[in-house]
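Every number here is computed from the coordinates shown, using simple stated rules; none is lab data. Everything numeric here is computed off the predicted structure, so don't read it as measured data. Cβ coordinates were reconstructed from backbone atoms using ideal geometry, including for glycine residues, and neighbour counts include every protein chain displayed.
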Amino acid sequence: MLGGLGIKRFGPPPPESECVNLREVVLQPVAVPEEARFQALMDAHHYLGALPKIGHTRWYVATWQDQWLARLSFSAAAWKCAARDAWIGWDFRHQYDRLHLIANNSRFLILPAHHDPNLASRVLALCERRLAADWQERFGYPLLLLETFVDPRHFHGTIYRAANWCYVGDTRGFRRTRAGYSGAPGAAKRVFVRSLHAQAQARLSRPVLDPQYHHGAPKIMLSAEQMVSLPDFFADIPDPRRGQGRRHPLPTVLAIAAGAILCGRRGYKAISQWAQDLGQPARARFRCCWRARRYWVPSRTVIREVLTRVDPDAVDRALQRWNAQHADDEALAIDGKTMCNAIDAEGRQTHILGVVGHQSQTCYTQKKSVLCPSTAATS
């Protein structure tokens, strides 16, 4: 076993190879015709085997004189990592909206015939120089931080320390599964991070993210406590549906819809997809229907029927009570817009006034008013 490299040698030692000139090492993305070869070598020599190309993933190969020396895989950041999150210092509410600025070095393999001194550090340095630009070009947003996990039962993370990566602590040993997270902790791993920007830590942890790092609709993350509490605030709202065939309680449907919107979803389809992605523990917190030994979320049809028929004022009051208990924004932004094409028979335009929290980016309330033509023209 080769400490810190993340590889395992099989069979007899390789023959002696020509010493690599580190200045001539080139790093480039893996071309599509070479992906099968990349995966085969990773599966044969890496102790964890090959990793499928899912979501935002970039594969690289380091070469010298047309010889493959090393292979690396970068993918989406870990959903949760207490050691990394503590080092960044961000609030969990903003974490979900900023994870796209972190990439995970999920695989690093140097072929057994090329364990040359300083080669690993050279390859990591080449990755750091081009990864942020490649990520921006391919996925449309930059990177600020890299992370990786090292299993101390096999390795020590030597190459990451030599390449100036920062050790920030150990994981708790839990891993993600289809049902959420594993019930019992496994072996803890060492967590290393590497900043791609001089102020990466400060930019990731600041209350308001710089606009250049936004990607998609603003999103926040709900804690388990907030999920559990949401249905209680909708318990007193009358259910507009008839009792026959009613499977999902009204507080559950409204809580799921509110949670999806708080996490950046818009529209019935997006809310339904967010609900379908909930794991079984999250569905239990929302008090979803229990049937056939699992929790079921309401369909898009049920969500649409409830939201179009429920009393909007009652829902607004319930959300304001929930927000008063859980939100802690230090400042609010108030802004108004005039809807140019929303003109009634008397020529008056509709004006929308909204209140948004600076830290949570949550819209607390929106009010609609009608302005006369002269007022609208000056607003």
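Once you list every other residue whose beta carbon is under 14 Å from the beta carbon of D134, what net charge do they have if Lys and Arg are +1 and Asp and Glu are -1? Taking every other residue near D134 into account, the sum is +2.
Available extension along the chain between D313 and S299 is 2.7 nm, counting 0.36 nm per residue and deducting the alpha carbon span. Here, P(r) means the percent of Cα pairs in each 5 Å bin from 0 to the largest distance; for the range 224-326 it is 2, 13, 25, 27, 21, 9, 2, 0.
Placing unit charges on the Cβ atoms only, positive for Lys and Arg and negative for Asp and Glu, gives the range 35-192 a dipole magnitude near 360 debye about its Cα centre. Radius of gyration (Cα atoms) of the range 56-111, expressed as a multiple of 2.2 N^0.38 Å: 1.49. Diagonalising the gyration tensor over the Cα atoms of the range 49-198 and scaling each eigenvalue by 5 before taking the square root yields semi-axes of 25, 19, 15 Å, largest first. Our estimate of slack between Q65 and Q136, defined as 0.36 nm per intervening residue step minus the Cα-Cα distance, is 22.7 nm.
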